[in-house]
Every structure is written in structure tokens, then in C-alpha cells.
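Have a look at the structure below, then the notes.
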Amino acid sequence: MNDLELWYRSPAAEWTDALPLGNGRLGAMVFGGVPRDEFQLNESTLWAGGPYQPTNAEARPNLDAIRQLIFDGRYAEAQTVANAHSMARPYLEMSYQPAGHLYLDVVHPELFTQYRRSLDLDRAMTTTTYRVANVTYTREAFISATHGILVVRIHADRPGSVSVGVELSSPQHGQCRVDRSGVHFAGHNRGEHGIAGALRFAMEARVLARGGTTTAEPTRLLVENADSVVILLDIATSFVRFDDVSGDPEARIAARMTAAAGEGFDALLEAHLAEHRRLFRRLDIDLGRTEAADLPTAARIKAFAEGDDPALAALYVQYGRYLMITSSRPGTQPATLQGIWNKETRPPWGSKYTTNINLQMNYWLPDPANLAECMEPVLDLLDDLAVTGRAMASTHYGARGWVLHHNTDLWRATGPVDGAQWGLWPTGGAWICAQLWNHAAHEGYPEALARRLYPALKGAAEFFLDTLVPLPGTDLLVTNPSLSPENVHPHGATLCAGPAMDSQILRDLFAAAIAAGEQLGLDATLRAEFAAAAARLPADRIGKAGQLQEWLEDWDMAVPEIHHRHVSHLYGLYPSWQITPETTPELFAAARRSLEIRGDDATGWGIGWRINLWARLRDGDHAYAVLARLLHPERSYDNLFDAHPPFQIDGNFGGAAGILEMLVQSRPGHIWLLPALPSQWRKGSVRGLRASGGIEVGLSWANATVTSARLASSVAQSVTLEFGGRQHVVALVAGVPVDVRFPPSGQV
Ligand code: FUC
């Protein structure tokens, strides 16, 4: 039994039964059908529309009036004015698009038997096998990061038994052409919301048959009676950057095809496995194994909540890591709401980047999961946003710096969209900055990273120097207009001034801009201004129900949706470290109260966030109870994709990060072992988890007690290791792992 496998006894009936492959750029959902197999295809730069800058000149002249309405408590009126004058043009952003389908049609004389399909996470490969008339057929597929293409091989254990028709289709504009080498599609993307399609794109399926005959038919290439067939598939667009679509898709495909076709299947596979395993094999996790682990994946999801299947939680972590490696690699686009897997031309929420939780949650996993490379696309995104968001800052707010609201897309639009009640929230970019500075901490603050991040941190902080306004009658500075994502307050609106989340995010943003500036010895005067502004942000408040207030006013118990999925004001507890039992015990208790009031049930990502929050509250059993809601048919499809519903990948990443957060928590100079271990995971181990400061942690436990811990760092540093309230300081030497014994003898 392979414990790193998802497997099934029948072909995928739904898209959410199909199995995902990817290399960050190309994505495929593999259905494993007989007689027709389907590969639903994506390319990460194929989006609707073209370069655009959605600023609205009416926004700035109406800003002061909206602010005043909010300070006067006329929230609904403020929202009406904002909807009329403050929103981006267009009012919606561009959506991520499907490229098309590869269909493989086989003709068999009889029905098939002994069917099995699987996704091996360690090989990043799908395998479908079945028997027809005493012949065993095998289809294998992988998407190579080294060669950039999808590779499919069909073979049989009797020579001359493989006959297959190969066909491409696309919902985009364009045409298909078949010649003896394969099938070609050339076309262009769709326009959307008044922005014309500006991308050219192409697909090619090259067919390499061993033996048999190959015929070009009008719509497909037909191979008959071959021993085996290899199909190489590639897709490319003309996208270069958010303001440049001058690339040549055909030339891009030709370069990769030529390189790959010269290699042969075995060499392509070997290179693929080596590259995938370089990342995937950095971390192992064992939470225990029971017989339940022998069941097919879908049956395990059905049984998890009532049963005893700790290995499914471990598989969920590894699947999260797999999805991260396959949807976000250096040089590719960040993972969207659906990673890179989207079949719809009008996908839910545009399958783009929602930045009031979802994009950020996608990137909670790479740091602890030892996949720092997978953060690269977000660093690139931030570089872009700090450019495109400048026009938005000046046109809409008359401010320096740059701003991003609650969504962005391939074209790096940064405006308020969808409606003021959701979109008029200026803190999305600040959150990304805070997150990436936390990533820098995780890496041990390398100077190159500080240098790279600093312009964006500085620009984001400058925007708030210019847009924070005094709260009337006080010395405090608040955001206005803003909102606490996406929660309607008792005045029937979301718009407000100074929601708790904004002040929390801005404390982190200013601290990051100051720390990076100090590290680089830059902008001392500006740093003093950042510090002065940060000191005037409202502190977190505790309301009459003992809860952490979501707003400046104690509205929490009077909201229309008391169990709202967003838990924005708990940002201070997780992902931030502003609220801890040691430093802010009253706020810590209030955060717990807020989470209890909100309840455990939510959308997939809402559950993912709650798992991390309960882990930070150091309540492993509660975290586990919430996890059991995620590993459940209501929140996990048969292919283990997270169900918002519909499919949204943030829950996969947030849930996987949450499981790791239950086992190890860390911040610069401090590591907690088993801070929130549930009673279900009595015995287990993890190797290769990465803690803050770039420290690799290995850990074994039995009877909920650490039996051994091993720390390794590539630089000399000292760290406080804490387990069960006991601390000891470990001095790490560069490159030399240190074993720590528990219970501590005081000596290492
Ligand atoms: C936010 C959430 C929704 C959904 C969307 C993509 O607006 O409130 O639940 O996840 O993003």
C-alpha cells in the first residue's frame, strides 16, 4: 500500500473526482475515462482581457464626503455614494480561463475490468490501469517542471494493442489543425467587462507512436495497433508582463517540444521525478496508521469524522504540499482561488486572487512545509502591485505609495471592485506585505530579501501615512473608508472607520517597513513617521460579551450574521503574533471568546482559518474537531480538493498549514513543540518541518510527549525550544544537527 497515493476504483464522473497535475504553469485534470479519457487543461497566463488600469477619476473628489458620512454614522448613505463614485472602472476584474481539453478515445471490443486510477504524490504522476480481453492497459501522465510539458504514455502488455484517437478542443476563440505530427490549436483569449482580449495562445499535442499506423483525420489524429503511444502536450500564450503581451506562443511551444521530443519517455520521467522529489521529499509526516488507510480515498473522506484514520490528516498535509509544488513555482503565476485548475470560462469569483483572506491563506503553507521556493510568485506579484497600485493610490486617494483592495488579477488591477460593501477595503496589499515580511523572518531575514521587499513595504506604508485620518475627538488614526471583510455591521452596511483588522495589519506593515529600512540603513526620517503613525493606531478592544471587538464600537453581538465565515479581527492571533497568552493574556482570552461566538462551521477556507486559530489558542482537541469538518464530504471532494463549496484551493492550503501549526509553532528565536496536539495523535513524527529562522525541525512523540527532537540550521543561531511549558535554549552551529532530549536534563 502506498500511503502517498489518492486512488479510486472507477473513472472520474465529475471534475472534482479528476486528479490534478501541474508544474505551476501548465495544469491538467485527469479523468481516467474508458473509452474516452479527458484531460482538462489550463495555462497560468491564459486569462480574459488585456492590459488595463481601472482607475476612476470620480473617486478622489468624493472621498472626503464619504469619510464624513462614515464619521457621522451614516454608513448606508456612505455606501451608496461610494458605489456611485468610488469603484474601479470596470467594476469587475478579469477571470482566469480554461485552455481546453485533450481527449483520448480508445476502442475496445469488450467492457473493461480491474479498473484502478491513482495519483502518486511522491511521483507527481497519475496512473490508470484496466484489463480488456486479457490485455492490461496502462496510462501514465505527468507534467514536467524541467521540460515544461504534459507527458502521457499509453501502453499495453500485448504488442500492437494500442489504438487511440487524439483530439484537442478549446472554449476560447481559435481553430484546430491536424497533421501527421499531432494536433494544433491557435487562437486568442476572450474579452471581459469591456476589456478586449489581447492574448494570443496556442496548444499542441504531439503524438509519438511505437509501431502501428498513424492517420491525420479532420479533427483528430488516429493511431492504430501501436505497441505504445506517447503524447507530449504544451500550451503557451503571448503574456510577458501585466503591461506586455508581445510574446510568441508558437515559438515558446516549439522550443519546449523540440527539447522534450529529443529525450524519450524514460529520460523525461527521470528528470521530472528528480525535480519533484527535490521539493516534495523535504518533509515527512506520520500521525499513526490504522486499517482505514487501506480504503480508497473517497471512502476515507466519508469515514474520517466518525472513524480513526490519522493517516488521512497526514495525507492532507502532503496533498497540500503537492498542490503547492504543482500550482506555484518560481517564474509562474501565484496560485489562484483554484490553484491552476479551472474548467469554466465564467469561474466562481473569476478564479482570480481575492486578497482579503484567500490569496494570503494559499501561502500559509510553504514556510512551515519547507517549500520556500513556492513563495516566489507572490514576491513577483508584490513587485507588480507596487507599480500598478500607484496610479490607484494617487487617483482614488491623492496619496503617495500604492494600494491594493480586495482583489487582483493577471493584469494586476488594484481597484475597489464588486461593490463598495466588499471592495472598498484598502488593506489587501498591506496584508501581503506583512505576510512576506513574516516569510523573510522565516528565512532568517536575508539581506537580499529585505532589499527586494523594501520598495513595496515602503510604498504601502507611505500610502497609509497619507490616508489614515484622525478619529474625531481623539488622537487616534484610522482607516476610512474601510470595512471588516465582508461582515455587515448593525447599521446595515459594511463601510466603517478603523476596523480592528486594519489596525492589526497596519501595525505589522509599519513594523515591517521600519525593520527592513533599519536593516538596510535607509530612510531614517520616514521610519520615524511610520513609528509615530503606528503608535496612534487604536489598540484592540474587548467588548461586553468578553469578545475581541471586530470594530471600534461594540457591535459584535448585534450583527445580522453572528456566525460569519470571516474572522478578520482574529488576524492578530493568526497569522499575526500580536495576541499571545504570554504577552496579551486578556486579548488572548477575548480572541477565544470571539471564536467561540463565531462557531466552528464555515466555508472550506473559513474552517482552514479556524484550525490555525485553535492551534494558536493551544487547544489541540478543538482544532481537531474543526479539522474533522474539513476532512468530510461536505468540505472535501473525492479528489480531496477543498469545497467552499464550490472548489476553492485555499481550504486545502489553510487546512494543511493548520495541521502543521498544531505540531510546531515558531517565531524568530522561539519554537514550540506540540503546542496543540490532539488526543487522537498519541504517537507520531515529523521530519523536515521548517521553523522561523530557517531551522529544520525533526520531532517524534509518544503518549503526547516529545521523545526526541532534532534541530538543524544553515547559520549559527540560538533558539528557545519549548515543550509543555518547559523551555531550553539551544545553540545551533551552522550545518550541524543538534539532538535535544526530553525531558530536558538541562544539557543538550
Ligand atoms: C471572499 C469570501 C468568499 C469567497 C471569495 C472568493 O469574498 O468571502 O467566501 O471565498 O472570497
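The values are calculated or read from the model by the stated rules, or taken from the named source; none is laboratory data. This structure is a prediction, so every number in the text was calculated from the model and none was measured. Cβ: placed from backbone, ideal geometry, glycine included. Neighbour counts: every protein chain shown. Remember, those area values only see protein heavy atoms, side chains included, never the ligands or the DNA or RNA. Shrake-Rupley method; radii C 1.70, N 1.55, O 1.52, S 1.80 Å.
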Residue by residue through the range 643-663, note down the ones that are in a strand (DSSP E or B) and within 14 Å of SER351 (Cβ to Cβ).
PHE647
In the range 669-706, what residues are aromatic (Phe, Trp, Tyr) and in a strand (DSSP E or B)?
TRP672, TRP701
Please work out which residue is nearest to the chain's Cα centre (by Cα), limiting yourself to the range 107-122 and to residues that are outside any loop (DSSP other than H, G, I, E, B) and surrounded by fewer than 22 Cβ atoms within 10 Å (Cβ to Cβ).
ASP120
How many residues are away from the ligand (no atom under 16 Å from the Cβ) and part of a loop (DSSP other than H, G, I, E, B) when one looks only at the range 496-513?
2
Is it true that some residue in the range 583-596 is closer than 30 Å to PHE71 by Cβ, free of Cβ contacts under 8 Å to residues at least 60 places away in the same chain, within 16 Å of the ligand (Cβ to nearest atom) and not polar (S, T, N, Q)?
no
Per the filter on the range 707-721, residues under 20 Å from VAL686 (Cβ atoms), part of a strand (DSSP E or B) and modelled with pLDDT of 95 or more are ALA709, ARG710, LEU711, ALA712, VAL719, THR720, LEU721
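For the condition of a type in the set (Gly, Ala, Ser), closer than 21 Å to PRO296 by Cβ and within 32 Å of the chain's Cα centre (by Cα), what is the one hit in ALA88, ALA99, ALA141?
ALA141
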Selection from the range 372-390 of residues farther than 21 Å from PRO54 by Cβ and touching a Phe, Trp or Tyr at 6+ places or on another chain (Cβ under 7 Å) yields MET375, VAL378
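Go through the residues of the range 670-684 one by one and say whether even a single one is within 20 Å of the chain's Cα centre (by Cα) and open to solvent by 10 Å² or more (accessible area, probe 1.4 Å). Quick ask: steps written out before the conclusion?
So the first thing to find is which residues in the range 670-684 are within 20 Å of the chain's Cα centre (by Cα), and the list is none.
No - not one qualifying residue is present in the range 670-684.
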Do you know which residues across the range 196-211 are open to solvent by 30 Å² or more (accessible area, probe 1.4 Å) and either within 20 Å of SER95 (Cβ to Cβ) or of a type outside the set (Lys, Arg) (or both)?
ALA196, GLY197, ALA198, ARG200, LEU208, ALA209, GLY211
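Condition check ((1) within 22 Å of ALA493 (Cβ to Cβ); (2) surrounded by fewer than 20 Cβ atoms within 10 Å (Cβ to Cβ)) across all residues:
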{"position": "THR427", "(1), (2)": "yes, no"}
{"position": "CYS433", "(1), (2)": "no, no"}
{"position": "GLY444", "(1), (2)": "no, yes"}
{"position": "LEU453", "(1), (2)": "no, no"}
{"position": "PHE463", "(1), (2)": "no, no"}
{"position": "LEU471", "(1), (2)": "yes, yes"}
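So, in the range 529-558, of the ones that are open to solvent by 20 Å² or more (accessible area, probe 1.4 Å) and not hydrophobic (A, V, I, L, M, F, W, C), which residue ends up nearest to LEU477 (Cα to Cα)?
Filtering the range 529-558 for residues that are open to solvent by 20 Å² or more (accessible area, probe 1.4 Å) and not hydrophobic (A, V, I, L, M, F, W, C), the one nearest to LEU477 (Cα to Cα) comes out as ARG536.
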Those residues of the range 27-77 which are part of a loop (DSSP other than H, G, I, E, B), open to solvent by 30 Å² or more (accessible area, probe 1.4 Å) and either in contact (Cβ under 8 Å) with a residue 12 or more places away in the chain or hydroxyl-bearing (Ser, Thr, Tyr) (or both) amount to PRO35, PRO51, TYR52, GLN53, THR55, ALA57, GLU58, GLY73
Search the range 294-328 for residues being surrounded by fewer than 24 Cβ atoms within 10 Å (Cβ to Cβ) and polar (S, T, N, Q), and hand back the single one that is nearest to GLY651 (Cα to Cα).
GLN318
Do we have any residue at all in the range 385-404 that's within 30 Å of ARG282 (Cβ to Cβ) and more than 16 Å from the ligand (Cβ to nearest atom)?
yes
Residues that are without any contact (Cβ under 8 Å) to a residue 40 or more places away in the chain and among the hydrophobic types (A, V, I, L, M, F, W, C): list the strands (runs of 3 or more DSSP E) wholly contained in the range 165-217 that include at least 3 such residues.
none
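Just wondering, is there one or more residues in the range 238-249 that are surrounded by 24 or more Cβ atoms within 10 Å (Cβ to Cβ) and of a type in the set (A, V, I, L, M, F, W, C)?
Scanning the range 238-249 turns up at least one residue that is surrounded by 24 or more Cβ atoms within 10 Å (Cβ to Cβ) and of a type in the set (A, V, I, L, M, F, W, C).
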Of the conditions (1) modelled with pLDDT under 95; (2) open to solvent by 50 Å² or more (accessible area, probe 1.4 Å), HIS188 clears all except one; give me its number.
(1)
Restricting to the range 597-622, and then to whatever is among the charged types (D, E, K, R) and within 16 Å of the ligand (Cβ to nearest atom), can you tell me which residue is most open to solvent (accessible area, probe 1.4 Å)?
ASP601
Do any residues in the range 619-647 that are among the β-branched types (Val, Ile, Thr) have Cβ atoms under 8 Å from those of residues that are within 16 Å of the ligand (Cβ to nearest atom) and open to solvent by 10 Å² or more (accessible area, probe 1.4 Å), where the two are at least six apart or on different chains, and which pairs are they?
none
Single match in ASN438, ASN487 (criterion: in contact (Cβ under 8 Å) with a residue 40 or more places away in the chain and either surrounded by fewer than 22 Cβ atoms within 10 Å (Cβ to Cβ) or touching an Asp or Glu at 6+ places or on another chain (Cβ under 6 Å) (or both)):
ASN438
Flag for GLY331 being crowded, with 23+ Cβ neighbours inside 10 Å, closer than 18 Å to ILE143 by Cα and small (Gly, Ala, Ser)
no
Would you mind finding the one in ASP409, ASP384 that is among the charged types (D, E, K, R), crowded, with 24+ Cβ neighbours inside 10 Å and in contact (Cβ under 8 Å) with a residue 60 or more places away in the chain?
ASP409
TYR130: open to solvent by 10 Å² or more (accessible area, probe 1.4 Å), part of a strand (DSSP E or B) and aromatic (Phe, Trp, Tyr), yes or no?
no
For ARG400, indicate whether it is over 15 Å from the mean Cα position of the chain (by Cα), part of a helix (DSSP H, G or I), at negative phi and modelled with pLDDT of 95 or more.
no
With criteria (1) open to solvent by 50 Å² or more (accessible area, probe 1.4 Å); (2) at pLDDT below 95, ALA704 comes up short on (1)
